[in-house]
Amino acid sequence: MAALTLTADRAGERADSLLCRLVPGLTRSGAQRLLERGAVTLDGRSVRKNDRPAPGQVLEVLLPDPQPIAVLPQNIPLDVIYEDGDVIVVNKPVGLVVHPAPGHPDGTLVNALLYHCKNSLSGINGELRPGIVHRIDRDTSGLIIAAKNDRAHLALAAQLQDHSLARTYEAVALGGLPEERGTVNAPIGRHPVDRKKMAIDRRNGREAVTHWSVLARYPGYTHVECRLETGRTHQIRVHLASIGHPLLGDTVYGAKKPVPGLAGQCLHARRLRFVHPASGETVELECPLPDWFQEILRKIDR
């Protein structure tokens, strides 16, 4: 059983919604099934789905045993930046999908992790996303962390909520940003018409905060660093597009014409910091800009 002590920023919402936030990949119906089975307690008593825990209370979750994995291991090369018995951090290349989904049944990071880690991946996210704590887009490169056991997974999921798991990206945005640094604080939800896209949704969207700073300026472009305070789908892409500076190569939220030599948006997950779930020590990792990103910088430095 995994125990989580609720801090003020995690308390005050319905128990089923809270579980969905604390356990990545857990659906509302899945959370309700855990509650109905009595697998969740609050200070030792059973919890109903509409209970609202208070700060300081201890929420305990008894997770079911991992289901047999239907996804097949595949010998796909991985650029492993860090690995131990609890976590693995990979530098994901552009084009590699994180987990199986319609249109991408195999050849994903999950298939590669299953081969590399054998049976050592957390089962919290079920058979399609074992070990996956967070995800990055197919056409975004860079650091992604996976958990090798459920205890590590829950600890990292909690860090996503309290922001001690910090992710810093580098990107090339169109145009010249007016200041040297800034923050976009705008909730993100599904686009009201195109359900494959995300959009700023001040009514029903989830909180989303991106801090950006200028690294270099070029004619018509800005090389920026973006630090995520939250982790919504397409967050950096949506936020920068919302202030008039979509990412170079982003044909979903920016110009529809692809950029020669660029597979997608010019976005790279450069740095990752987290508290190790076993030792409690802070781990800080960095991976270099890939060759394609550096080539883009050379091309726009005209």
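The values are calculated or read from the model by the stated rules, or taken from the named source; none is laboratory data. Since the model is a prediction, treat every value here as computed from it, not as a measurement. Here the Cβ positions follow ideal geometry from the backbone for every residue, glycine too, while neighbour counts run over all protein chains shown. Note: areas computed on protein heavy atoms with side chains; ligands, DNA, RNA excluded. Shrake-Rupley method; radii C 1.70, N 1.55, O 1.52, S 1.80 Å.
Working from the alpha-carbon coordinates of the chain, get Rg over Rh, Rh being the Kirkwood radius. Result for the chain is an Rg/Rh of 0.97.
Listed by chain and number, the aspartates and glutamates placed with their C-alpha closer than 16 angstrom to that of K118 are E83, D84, D86, E127, D150; residues fewer than eight positions away on the same chain are left out. Counting only lysines at least 8 places from K256 when in the same chain, those with an alpha carbon closer than 30 Å to its own are K92, K196, K197, K299. Note that the range 258-265 has calculated 3J(HN,Hα) couplings of x, 9, x, x, 10, 6, x, 5 Hz, one per residue in order, obtained from phi through the Karplus relation 6.51 cos²θ - 1.76 cosθ + 1.60 (θ = phi - 60°); glycine and proline are x. Sorting Y82, Y115 on solvent-accessible area from highest to lowest, probe radius 1.4 Å, gives Y115, Y82. Across the range 154-162, computed HN-Hα scalar couplings (Karplus, 6.51 cos²θ - 1.76 cosθ + 1.60, θ = phi - 60°) run 5, 5, 5, 4, 5, 5, 4, 6, 9 Hz from first to last residue, x flagging Gly and Pro. Under a 5 Å amide H cut-off, with hydrogens placed 1.01 Å from N, H191 pairs with K197, M198, A199 among residues at least 5 apart or on other chains.
Projected over all directions and averaged, the alpha-carbon convex hull of the range 189-302 occupies 9.1 nm². Every pair of different Cα atoms in the range 78-219 enters the Kirkwood calculation, which places the hydrodynamic radius at 17.2 Å.
Taking other residues whose beta carbon is less than 12 angstrom from the beta carbon of R271, and scoring Lys, Arg as +1 and Asp, Glu as -1, yields 0.
Taking θ as phi - 60° and the Karplus parameters 6.51, -1.76 and 1.60, the scalar couplings of the range 235-251 work out to 4, 4, 4, 5, 5, 5, 5, 5, 9, x, 9, x, 6, 4, x, 7, 7 Hz in sequence order, x denoting glycine and proline.
Solvent-accessible surface of the range 185-302, averaged per residue with a 1.4 angstrom probe and all protein chains in place: 52 square angstrom. Relative contact order of the range 134-252: 26 percent, from C-alpha pairs under 8 Å at least 6 residues apart in sequence. Per residue, the average separation of C-alpha pairs within less than 8 Å and at least 6 apart gives the range 71-191 a relative contact order of 24 percent.
What part of the accessible area of the chain, given as a whole %, is carbon or sulfur when the probe is 1.4 angstrom? Provide the component values of the computation, followed by the final result.
Working: 7020 of 14370 Å².
Reported share for carbon and sulfur atoms: 49 percent.
The amide H of D139, built 1.01 Å from its N in the peptide plane, has G95 as neighbours under 5 Å, considering only residues 5 or more places off or on other chains.
Which translational diffusion coefficient, to the nearest whole µm²/s, is obtained for the range 84-136 from the Stokes-Einstein equation, given a Kirkwood hydrodynamic radius over C-alpha pairs, 25 °C and 0.890 mPa s?
Details: Rh = 11.5 Å.
Diffusion coefficient, whole number: 214 µm²/s.
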